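Where a number appears in this text, it was derived from the coordinates with a stated rule and is not lab data. Computed from a predicted structure; not experimentally measured. Please note: Cβ atoms are built from the backbone with ideal geometry, for glycine as well, and neighbour counts cover all protein chains shown.
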Amino acid sequence: MTSTVTLLKRRTTMRMSDLAAVASPTSTTESFLLGASKGGGSTGSDVGKRCCGHKHELVGYEALPDFLKHNEFVLDYYRSEWPIKQALLSVFALHNETINIWTHLIGFFVFLVLTVCAATMVPMETGVATSETGHLTNCTSNPTVLMAYYGTNGTAVAMHAALRRNVSVPVETELTAAAALSSAATHPVTRWPFYAYLCGAMFCLLMSSGCHLLSCHSEHACYVLLRLDYAGITGLIVTSFYPLVYYTFLCDPFYRTLYLAAITVFGAAAVAVSMLPVFEAPDLRWARAALFACMAASGLVPIVHKLLVFGARPEAVLTTGYELAMGAFYLAGVVAYGARVPERWLPGKFDLFGHSHQLFHALVIAGAYTHYQAGLVYLSWRDMDMCL
Ligand SMILES: [Zn+2]
């Protein structure tokens with residue numbers, strides 16, 4: 001009701017050209033989609049203050065308080081100092097953060113499903129048994145799951161498929177494969193590094209989504225939520241190291257501990273630095289990107305070490321491929337984030353769809369999913385080949 005009154009008051013002061021714009025089908029559609037009146041660029045905030053303390057209308061960049069001015073190439077559709085309730089409800093409305101919120105909210109639920117899938121793909125202790133003749137008698141009945149989970153162990157998968165088709169295979173090969181699968185099922189390698197990564201990814205995506213949804217509320221909310229967002233990014237990077245380091249150096253406690261401790265300390269230091277108020281200054285965009293990029297790039301050390309030690313193993317090569325793909329996704333995301341393309345080239349044209357932060361979010365999800373695939377390979381490798 002307040003919105004309607006405010007809108008009517010504003011319209012009485014508009015010029016004819018403004019009235020034509022308001023009356024156009026586009027403007028009517030926008031008002032419907034936004035679920036709140038649109039402030040009309042730089043005057044929106046002033047009108048809000050003049051009229052009855054009304055706050056929940058979209059405004060232009062110039063009308064924003066300093067703490068919400070992050071990207072001068074996104075010109076319009078901002079929420080500014082909205083009440084918490086309106087900010088929460090705006091998850092279902094269209095503004096320049098809608099896609100940022102939903103990309104990572106959907107990503108969060110995707111990783112939740114992946115976590116459940118990973119938990120159910122773990123071979124159960126009673127799930128595999130061998131008969132007196134060495135045949136697999138009770139392996140998982142879902143070949144697709146088995147293929148996904150043990151996809152890197154060609155022998156075991158081929159064996160399992162052959163057994164299910166009653167195809168005759170050499171007894172020696174059959175016994176080897178059966179023993180590997182049985183061993184994996186009865187003594188699976190510990191899962192905590194893999195689940196730590198999944199939790200890190202979910203925490204990052206949820207904090208990011210919450211930050212984009214609610215930081216428009218107030219300067220204090222923005223400050224706290226941005227810190228949680230930075231902590232989420234740091235958590236994702238740090239926990240990405242855990243499966244890589246833990247499973248690669250499963251049998252080498254010195255390097256395993258060294259790398260895990262180093263990245264954890266690095267991450268804690270990054271969180272501490274991100275607490276400084278100066279860290280969110282708009283002109284330090286590249287410094288922020290560089291800090292997170294350096295932390296991620298330090299993963300090259302254990303990856304090169306992995307190739308030096310296990311370069312002949314297909315699992316090491318495959319996981320490295322996934323890790324390089326993940327790095328490429330993250331690097332592309334960081335470049336888009338720092339360079340603010342494409343909106344830099346056409347300011348105002350990507351306010352709602354296609355601006356750099358949305359690309360950054362999509363690339364983060366692609367990178368995180370790629371690393372999930374690498375995690376599955378690490379699990380299958382170390383389930384089949386533990387330390388002697
Ligand atoms: Zn974001």
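Annotation: the residues Lys349, Lys69, sorted from fewest to most other C-beta atoms within 10 Å of their own C-beta, follow the order Lys69, Lys349. Backbone phi angles across the range 258-263, fed through the Karplus curve with coefficients 6.51, -1.76 and 1.60 (θ = phi - 60°), yield HN-Hα couplings of 4, 5, 4, 5, 4, 6 Hz in residue order; Gly and Pro are listed as x. The fewest-to-most ranking of Trp345, Trp286, Trp102, Trp82 by surrounding Cβ atoms within 10 Å reads Trp345, Trp286, Trp102, Trp82.
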